Structure formats: structure tokens, C-alpha cells
Amino acid sequence: MDGPVRSGEHNPGSDVRPTGLRARSIVMVVLGCGAVAQVADANPHPSYAYVPFVLVLYLLPFWYASGRRREVWTRYAWGLLLLQAVVTYLPFAIFGHNWVGGASALLGGLVLLVVPGGRGWLFFAGLAALDISCWLLVGLPYEPAVNAVGWLLISFTFHGLTLYSLTRLADLVDRLDATRTALAEATVTRLRLAATERVSTVIVQRLNELTVLAEKAVRAGSADDARHHLAAAGHVARQASADARRLVVALPETQGSIPERSTVSAGVSPALTRAVNTAVTVCFAGTFLLNVVFPGEVPHHSWGVVAMAVVVAAAVIALQWRHVWFSVVAAQPLPRPLGWPWTLAAQAALCLVLYPAAGAGSIGLLAFPCASGLLLIRHWTRWLGFAAIVVGVPILTLLNPADLLSWGHIVSWSIYAAATEASACLLIYGLAQFTRASALLEDVRRELADGAAAGEHLRLARDTHDTLGLGLSTVALKTDLAAALLDRDPARARHEIAQLMYVAGGVRRDALAVTTGQIHLNLERELDGAVHTLRAAGITTTIDRQNCTLAPPACAAFAAVTREAVTNVLRHSQATTCTITLTAGNGGRTLAITNDGSGDLRASGQGLTNMTQRIEALGGAVRTYAKDGEFTVTAVVPQLATSYSPSAPAAVGA
């Protein structure tokens with residue numbers, strides 16, 4: 001009987017959810033091809049009674065490879081392995097030497113997946129020895145014995161390693177994908193901790209110092225002492241404002257704390273893939289040589305054919321390594337070896353050199369140019385090449401069967417060989433793609449972490465500017481106002497000092513809220529605070545609020561616009577009047593703030609940018625213009641952004 005080209009029969013896959021539908025399809029197709037190859041076993045069988053046993057053997061490997069309900073495997077690992085062992089060795093007792101070779105390796109692959117560390121490899125080696133012992137006990141599946149024993153060992157190694165490697169590699173990609181958000185969150189957390197530490201040690205400390213100075217001013221025995229304490233408090237308030245503006249600049253860089261790819265991706269998956277690809281290459285080359293050197297029931301080939309087989313195997317292996325190593329650890333864009341079209345054509349030609357002399361037993365190496373074509377050709381036509389080889393194997397078998405002596409044997413061999421070639425080809429391709437996916441996912445994790453850091457820097461800068469700016473400016477203004485009132489209106493001066501301490505307490509709370517991202521701007525409070533602060537500064541203020549409703553996002557955006565605009569009225573103009581108007585109409589809501597001091601908001605730089613970002617995020621727009629000595633900033637948000645549902649109601653100022 002013929003010694004079949006079996007080294008690439010089965011290739012179980014893994015859970016490939018993180019790599020997308022294509023990767024999942026590749027893995028499951030490879031696993032399915034392995035099942036087809038086992039069902040259409042190339043060795044003759046008296047009946048098809050073995051088929052249900054083959055299908056049952058694949059149930060647990062399919063389950064584990066899918067990645068579903070892994071907690072069951074964690075809890076009942078040894079029980080499930082025992083169940084797989086029963087369905088693995090029971091057919092030996094039922095079918096004897098008519099059982100299917102190579103099926104026992106599924107148990108070996110599961111052992112490698114479930115049993116940790118070196119124990120798993122010891123068990124794997126023991127199971128390989130047990131498999132050979134079982135075959136020697138019931139009788140080898142075909143003759144000659146050297147071919148059969150060699151093929152059984154190769155098949156066991158190949159099956160077990162492919163199930164193990166693809167599953168482990170897909171699990172790695174899964175873990176990388178699952179930890180992307182966690183890494184981004186950790187990056188943001190580090191930034192927030194650093195910001196909190198700086199706010200606590202600098203801004204909050206200055207605000208505490210300011211409160212102490214204000215209390216001393218209230219208890220001062222003379223107007224001069226009170227004025228001195230108020231001047232010092234104003235100086236501290238302005239220092240705190242400057243510190244707040246420098247907060248984000250002083251934060252540490254985060255890129256250095258992101259793990260390098262080598263610790264996760266390059267250190268595990270490329271090494272794993274290299275080992276498995278080496279094993280696949282050796283298995284195929286070994287089976288090819290067995291079929292040529294120790295053929296089945298035909299005269300042995302001449303020494304010239306044998307020598308040529310050794311040369312062909314060595315050349316094909318060398319070209320395969322050249323093709324695969326450029327793809328296994330490739331970053332984007334995928335590199336290809338120099339002159340790859342010529343080396344690919346040479347590899348395909350070499351695989352057919354011995355076909356006229358050795359027949360179907362010599363075409364097993366076609367899986368290598370097939371896989372290399374999938375890796376190197378960047379066009380959909382590569383799948384036509386894959387299909388041509390899978391279909392061509394049965395055709396070549398029919399044209400020159402050589403040691404395949406019966407038509408039934410030829411048909412089963414053809415199906416078996418086609419499934420084997422497809423499985424091995426997709427195995428090599430899938431391993432390279434998965435490894436590359438793991439490397440790219442690590443890059444995505446780094447980019448996501450960097451993006452999260454940049455986004456958090458932007459948020460801190462915006463919220464620090466928008467939230468603390470007006471409060472610290474108000475504190476500084478009130479120190480100046482209280483100092484000016486000490487001589488002509490002491491009672492009002494004390495009132496202003498009391499409000500100063502109240503506002504400082506609010507700013508302290510806002511400063512800590514900014515670092516956690518939990519700041520909530522309230523439009524009603526901002527409008528009331530704007531009126532009070534502007535009037536305290538001697539600016540006649542008018543506010544017109546129509547009875548309109550706003551959703552929380554629009555409320556917060558308008559509150560930020562109000563705070564920034566009022567801050568700039570105080571900082572950058574000599575206004576005597578200010579008008580704030582909130583109106584509904586034209587399918588949206590409009591907030592307009594006008595002052596007669598010609599204080600151009602554009603002088604504030606970051607403030608206009610922050611406001612614009614907040615409003616544009618809601619689909620609105622910010623406009624500024626000056627006319628007849630007045631400067632106006634207008635923010636408009638559309639109706640869609642201002643609508644609200646019963647689950648999230650918000651009136652103006654809610």
C-alpha cells in the first residue's frame with residue numbers, strides 16, 4: 001500500500017475574534033480541511049463506520065479553538081482531557097489497523113494547551129510514544145513499515161503543534177485586543193494622578209494661602225494692614241492663575257511607560273510562529289522523502305531519483321524559509337524578499353520535478369509555493385493560485401497515480417491530498433497573518449495610549465482654562481475691589497472679602513474636579529455668577545433669558561462660553577456695560593454676550609479655541625465680531641443638540 005503524503009493533514013485553529021472575520025474564516029477552514037482529510041483517509045477501509053468517530057474527535061478541539069466558554073476548560077480541564085482520550089483510543093479497539101492515522105494528535109494538542117509549562121511537553125512526547133505503541137499493537141495502517149512509522153510520528157507532531165500554535169497565537173492577539181482600552185485607561189489615570197498631585201501641591205495650596213490672607217484682612221486692626229493682606233492675596237490669586245495655565249505643560253510624558261512591542265508581541269508570537277513553521281516544513285519534507293525513498297507496493301526508485309528528491313526537498317525548504325521569514329515578523333507595509341516572483345516560480349517548478357518518476361506521492365510539497373503565493377502576492381488573484389493548486393492535486397493524481405493501484409484508492413487519495421494541501425497552505429498563511437496582526441495590534445495599543453494621553457492633555461488644558469480661569473480672575477478682582485472700598489465703604493469691603501473666600505472655596509473644589517474629569521458646568525450658576533461679578537467690577541450688566549430648555553451637553557457648552565466671555569470682559573476690556581442674551585429660534589438656541597469695551601476675545605488665544613471645540617462638538621458654531629465700539633461673541637447650537645428626553649431633562653441652568 002502507498003505511503004501517503006500526510007504531513008499536512010490537519011490544522012486546528014483558534015478563536016480569532018480580534019483579527020476579524022477573515023482570520024476566523026481561515027482558522028475554521030483549516031480545521032475543517034483537517035477533518036475532511038481524516039474522513040477521506042487515503043488508506044482503504046472496509047466500511048465508513050469510522051467516520052462518526054473522526055467527527056466526534058474534532059468536537060472538543062473545535063470548542064477549545066473557538067475560544068467560547070473557556071471557563072469550563074479551566075474548571076474541568078482534566079475531565080475533558082480524559083473524555084478526549086476515551087474517544088481517541090477507543091477506535092483502536094474497534095477498528096484495529098483500519099483506524100485513521102494522525103487523529104490521536106488532537107489529544108496531544110489539547111494537552112499542550114491545557115497543561116502548563118514543561119509538563120505539557122512531556123505529556124505530548126509520551127502521547128506520541130503511546131500512539132506508535134497502539135499502532136504497533138493493532139498493526140500498522142500500511143506498508144512499508146518504515147514509511148508508516150515515520151508518517152505516524154510526523155503526522156502526530158504536525159497535528160498537535162498546529163492545534164497548539166494557532167490557538168495560542170490567536171489567544172495572544174485576543175489578549176492584546178482586550179487590553180487596548182485598559183492600557184488607554186491606565187495612561188489617562190497616570191496623567192490624572194500627576195495632575196492631581198500638582199493641583200494639590202500648587203494650586204490648592206495657593207488657594208489655602210489666599211484664604212488665610214483674606215481672613216487676616218478681615219481681622220486686621222487697620223485699613224493699611226487689611227490693604228496689605230489683600231494685596232498679597234491678589235498676588236497669590238494671580239500666581240495660582242499662572243500655575244493653572246502651566247499645569248498641562250508640567251505633566252510628565254507617558255510614552256516611555258507604554259510597554260515595548262518586544263515584551264508582548266515580538267517576544268512571543270514571532271518565535272512561536274518560527275518554531276511551528278519550521279515544524280511544518282520539516283514534516284512536509286520528511287513525508288515527501290518517505291514517499292520517494294520508501295514507496296508503497298511498487299519497485300523502489302533508483303538512487304538517482306532518491307538523490308534528486310533530497311536536493312529538491314532542500315531547495316524547496318530554503319526558498320520557503322526565505323519567503324516566510326520576511327512575512328512572519330513583518331511590520332506595515334509588508335516587506336517581500338528581493339526577486340520573490342522568480343523564487344516563487346522556481347519553488348513551484350521544483351515541486352513538480354519528480355512527478356513524472358514518482359507520481360502523486362511527490363507532489364506534497366506544493367503546499368509551500370501555495371502558501372508563499374498567499375503571503376507574497378498582494379492581489380485577489382492569489383486565491384486563484386490557491387484554488388488551482390487545491391484542484392490541481394487530484395488532477396495530477398489521476399494523470400499519474402504511480403503507486404495508487406485502485407480507482408477507489410485514487411479517489412480517496414485525491415480528496416485527502418487536496419484537503420491536506422489546502423490545510424497546510426492556509427496554516428502557513430494564517431500563522432504569518434496572525435503574527436503580523438499581533439504586531440500591528442501592539443502598535444494600535446501604543447497609538448491608542450498616545451491618543452488617550454493627548455486627549456487627556458487637551459481636556460485638562462481646556463477644563464483648567466475654562467473652569468479655573470474665571471474663578472481665579474474673580475478672586476483677584478475682588479481683592480482689588482475690597483482694597484479700594486476699605487476707606488470709603490468698610491462694610492461692603494468686608495462683604496467682598498467674605499465673597500472672595502467663598503469663591504476661593506469653589507475654585508478649590510473645581511480644581512480637584514478638573515483632574516478627575518468630573519467637572520460639571522452649570523449654565524444657571526454661571527449666568528448668576530457673571531451678573532454678580534460684572535456688577536461688582538462696576539460694569540452695568542443686563543441679562544435676558546428666555547424660557548427655553550437645553551440638554552445637559554448644550555447647557556455645559558453654553559456655561560463654558562459664558563465663563564470664558566465674562567473672564568475676557570474683565571481681563572481685556574474697559575467695558576462699562578455688558579449684555580447677555582439667551583434666545584430660542586431658527587431651529588436652535590443662541591447665546592450672545594456683548595460689551596462696550598471692545599475687548600477682543602481673540603486676544604485670549606486658547607479660550608476661543610476651547611469654546612469653539614465645545615460648540616462644534618454639538619454641531620454648532622461660534623462667531624465673534626466688533627462693531628461701533630462693541631464686541632460680541634455668539635454661540636449657536638442646533639435644535640437636535642438642545643433637545644432632551646425624559647430620562648435626561650434639563651432646563652436652562654439645570
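Laboratory data are not the source of any read-out in this text; all were calculated from the coordinates shown. Please read all numbers here as calculations on a predicted model, not as lab measurements. When we count neighbours, we look across all protein chains shown, and the Cβ atoms used for this are built from the backbone with ideal geometry, even at glycine.
Side notes on the structure shown:
- Gain on full stretching of the segment that runs from W63 to R378 - 0.36 nm per residue minus C-alpha separation: 110.1 nm
- Residue order, fewest to most surrounding Cβ atoms within 10 angstrom, among F92, F284: F92, F284
- Packing-based exposure ordering (other Cβ within 10 Å, fewest first) of E616, E421: E616, E421
- Nitroxide proxy distance, nm - points 7 Å out along Cα→Cβ at R75 and I395: 5.3
- Reduced Cα scattering model of the stretch 66-127, Debye log10 I(q)/I(0), q = 0.14, 0.20 Å⁻¹: -0.45, -0.82
- Using the Cβ-Cβ distance between K216 and A85 with R0 set to 56 Å, the FRET efficiency from 1/(1 + (r/R0)^6) comes to roughly 0.10.
- Straightening the chain between H97 and Q613 buys 178.2 nm, computed as 0.36 nm per residue apart minus the Cα-Cα spacing.
- Cβ crowding within 10 Å ranks H532, H159 as H532, H159, fewest other Cβ atoms first.
- Charge context of N98, other residues only, Cβ under 15 angstrom, K/R +1, D/E -1: -2
- Spin-label model, S133/D487: points 7 Å from Cα along the beta carbon direction are separated by 10.9 nm.
- Added length on full extension, which subtracts the Cα-Cα distance from 0.36 nm per residue, A242 to S47: 61.4 nm
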